[in-house]
Amino acid sequence: MYYNKNTLIYLDGKFVKANETTTDLYSQTLHYGYGVFEGIRAYETENGTSIFKAQEHYDRLKKSAELVNIPFNYDVEELVKASYELLEKNNLSDAYVRPLVFCDPNMTLARPNNVSIMICAWEWGAYLGDKQLRLTVSSYCRPHPRSIKIEAKVCGHYVNSILATNEAKDNGFDEALLLDSDGFLAEGPEANLFYEKEGVLYTPQLGNILPGITRATVLELAKELGIEVRQGLFSKDDLAVADSAFYCGTAAEIIGIESVDDSKFPKEWNNTLGKKLQEEYSKLVRKSDATLSTTH
Ligand code: PMP
């Protein structure tokens, strides 16, 4: 599904065959989840393939590594260039790009001296965007920010996301909604939350969530469209009386939420602020320069 015998990956400066690459089973990343990664999307645009917010994603990769003391001696621009080369070599345009910084063999808990970086990519077709999610509030909360670096995209943090996702699916829902450790709304297992109430958008403030690049894009788009957004600590009860809601993330883009624990949002999706933002987001990612007019 992710690769075949011709697929190339980028590994420490070289392009190598995915099926001929090996890794060390004594890697600290494999044993302790001590590695950092990114999830990036590339889109086919009028002027060829465009990796959406490539620089921002690689900046976040670097920041994630620094936050958890993983050495990161790569040049962000080089990595962006390598990602474009990788897509070209694999003949991909609408694709998902996955960089991973992983550690050398080390069974101790001391930080590693050396790391490797790999970037792989696979086809990811255009998202259709009509589906709406049925969520359930998870029994798992997001990790406390004093336990981990919540703003870093660290491999091991995703056990929390996997537990929440599987619990939701096992209970017949599409996706989980996680609260923070104080019981305030936080985020999905791989997406940020927004909801609409009386023409205003609300989203959990930074501090207990991953600072999503799509979330930042939604904030920019909302500003451009003159939509007011309030960031703060909000509760399940606030969400229960919202008019509509959506998740946003690189993979999901912007996706409507139909219900939370079978309680439906009253507003028809096509009339929501989320729908409007979904359309604008879809246009933006397919622009070759992918910058907003306000940021020029
Ligand atoms: N929260 C979590 C926990 C995530 O894993 C992701 C996906 N990276 C997001 C939010 C959305 O982030 P982004 O928009 O940068 O993809």
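The values are calculated or read from the model by the stated rules, or taken from the named source; none is laboratory data. Since the model is a prediction, treat every value here as computed from it, not as a measurement. Glycine also receives a Cβ, built like all others from the backbone with ideal geometry; neighbour counts cover every protein chain displayed. Side chains included, ligands, DNA and RNA excluded: accessible areas come from the protein's heavy atoms. Shrake-Rupley method; radii C 1.70, N 1.55, O 1.52, S 1.80 Å.
Scanning the range 121-142 for residues that are within 16 Å of the ligand (Cβ to nearest atom), within 30 Å of Ile9 (Cβ to Cβ) and in contact with a Ser or Thr (Cβ under 9 Å, 6 or more places away or on another chain) yields Ala121, Tyr127, Gly129. Selection within the range 242-268: residues that are among the polar types (S, T, N, Q) and buried (at least 16 other Cβ atoms within 10 Å of the Cβ). The member of this set that is nearest to Asn171 (Cα to Cα) is Ser259.
Okay, residues lined up against (1) at pLDDT 95 or above; (2) on the phi > 0 side of the Ramachandran plot; (3) open to solvent by less than 40 Å² (accessible area, probe 1.4 Å):
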| residue | (1), (2), (3) |
| --- | --- |
| Ala121 | yes, no, yes |
| Ala126 | no, no, no |
| Gly129 | no, yes, yes |
| Leu135 | yes, no, yes |
| Ser138 | yes, no, yes |
| Ser147 | yes, no, no |
| Glu151 | yes, no, no |
| His157 | yes, no, yes |
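Quick one: would you say Tyr26 is more than 15 Å from Leu100 (Cα to Cα), in contact with a strand residue (DSSP E or B) (Cβ under 6 Å, 6 or more places away or on another chain) and away from the ligand (no atom under 16 Å from the Cβ)? So Tyr26 passes the test.
In this structure, is Ala82 in contact (Cβ under 8 Å) with a residue 40 or more places away in the chain, hydrophobic (A, V, I, L, M, F, W, C) and in the same structural domain as Ala42 (by TED's automatic domain parsing)? Taking the combined requirement at face value, the residue satisfies it. Screening Ser116 against (1) surrounded by fewer than 16 Cβ atoms within 10 Å (Cβ to Cβ); (2) part of a strand (DSSP E or B) leaves a single unmet condition, (1). Annotation for the range 90-109: at least one member residue is surrounded by fewer than 18 Cβ atoms within 10 Å (Cβ to Cβ), of a type in the set (Val, Ile, Thr) and part of a loop (DSSP other than H, G, I, E, B). Only a single item in (1) farther than 19 Å from Asp104 by Cα; (2) open to solvent by 50 Å² or more (accessible area, probe 1.4 Å) is not met by Thr23, and it is number (1).
Kindly establish whether Gly207 is over 21 Å from the mean Cα position of the chain (by Cα), outside any strand (DSSP E or B) and in the same structural domain as Ile257 (by TED's automatic domain parsing).
No: the conditions fail for Gly207.
On the basis of being touching a strand residue (DSSP E or B) at 6+ places or on another chain (Cβ under 7 Å) and without any contact (Cβ under 8 Å) to a residue 60 or more places away in the chain, does Ala168 make the cut? Yes; evaluated as a whole, the condition is true for this residue. Within the range 195-216, the residues that satisfy the criterion of being within 15 Å of the ligand (Cβ to nearest atom) and in contact with a strand residue (DSSP E or B) (Cβ under 8 Å, 6 or more places away or on another chain) are Thr203, Pro204, Gln205, Leu206, Asn208, Ile209, Leu210, Gly212, Thr214, Arg215.
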